[in-house]
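The values are calculated or read from the model by the stated rules, or taken from the named source; none is laboratory data. Model, not experiment: these values are computed from the prediction. Cβ coordinates were reconstructed from backbone atoms using ideal geometry, including for glycine residues, and neighbour counts include every protein chain displayed.
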Amino acid sequence: MTLLFLSRHGETEWNRDGRFQGHADPPLSEHGRAQARGLAHRLQSTRLAAVYASDLQRSRETAEIVAASHELPVISLRELREVDVGEWSGLTREEIDGRWPEAMERWRLGERGWQDGESYEEMAARVVASLDRLARNHDSERILYVGHGGSIRGVLAHARGITYAQYRQLHPTVANCGLHTVAVRNGRFRVLEG
């Protein structure tokens, strides 16, 4: 069994402004760096075998802050990225609602809103497959994945056996630098409480 710690990156200015980020690459804000240092403090006594992150700088920089205290490199992988939100990237909900109100309503109902990019389900399948492979490479070890709100929600939905839309209705936000633990064994994901 592999213990997989999941954390969303620290805050960016776009998070604070309520902008969809997707594959856009804004850096952490100063507050986001402070959140990452707090995450590092929470994990300082946890023995980690490896630290993985998406290749987007907000995820990578958060992971580097945590990994430094463990003297580990950060392995950043493109397949661990956030969902590609296509033409919504960089826009606020209000801006999207003004341009594509029907699409925003679909998104609010848990469906796909943007026309290009990828669906939440496609992203979740990509991230879960990658983390399953990493867990198999780290059997009986503890690893950290610093990702994104969407990718973490996709993993947690998979582990609970519900759809992404169902999980998003139960948990509309994933906190910056929040921490979740999932046990992975033989391709099965199980959320550990507490």
Collect the residues in segment 133-153 that are touching a residue at least 40 places away in the same chain (Cβ under 8 Å) and either over 19 Å from Leu80 (Cβ atoms) or within 13 Å of the chain's Cα centre (by Cα) (or both), keeping them in residue-number order. Asp139, Ser140, Leu144, Tyr145, Val146, Gly147, His148, Gly149, Gly150, Ser151, Ile152
Selection count, segment 102-121, where residues are over 20 Å from Val155 (Cβ atoms) and either in a loop (DSSP other than H, G, I, E, B) or touching a residue at least 24 places away in the same chain (Cβ under 8 Å) (or both): 6
Within segment 27-41, which residues are within 16 Å of the chain's Cα centre (by Cα) and closer than 9 Å to Gly10 by Cβ? Leu28, Gly32, Gln35, Ala36, Leu39
Options Pro27, Pro73: the member that is without any contact (Cβ under 8 Å) to a residue 40 or more places away in the chain and either more than 30 Å from Ser140 (Cβ to Cβ) or of a type in the set (Lys, Arg) (or both): Pro27
Ala157 passes all but one of (1) more than 19 Å from Arg188 (Cβ to Cβ); (2) out of contact with any strand residue (DSSP E or B) (no Cβ under 7 Å at 6 or more places or on another chain); which number fails? (1)
Those residues of segment 102-132 that are under 11 Å from the mean Cα position of the chain (by Cα) and either on the phi > 0 side of the Ramachandran plot or among the basic types (Lys, Arg) (or both) come to a total of 0
Quick check on my filter: what residues within segment 93-127 are among the β-branched types (Val, Ile, Thr) and either more than 30 Å from Gly187 (Cβ to Cβ) or at pLDDT below 95 (or both)? Ile96
Residue count, segment 68-97 (criterion: among the small types (Gly, Ala, Ser) and in contact with a helix residue (DSSP H, G or I) (Cβ under 9 Å, 6 or more places away or on another chain)): 4
Hey, among Ala53, Ala63, Ala36, Ala67, which residue is crowded, with 22+ Cβ neighbours inside 10 Å, assigned to a strand (DSSP E or B) and not hydroxyl-bearing (Ser, Thr, Tyr)? Ala53
Is it the case that Val51 is hydrophobic (A, V, I, L, M, F, W, C) and either farther than 27 Å from Thr181 by Cβ or in contact with a strand residue (DSSP E or B) (Cβ under 7 Å, 6 or more places away or on another chain) (or both)? yes
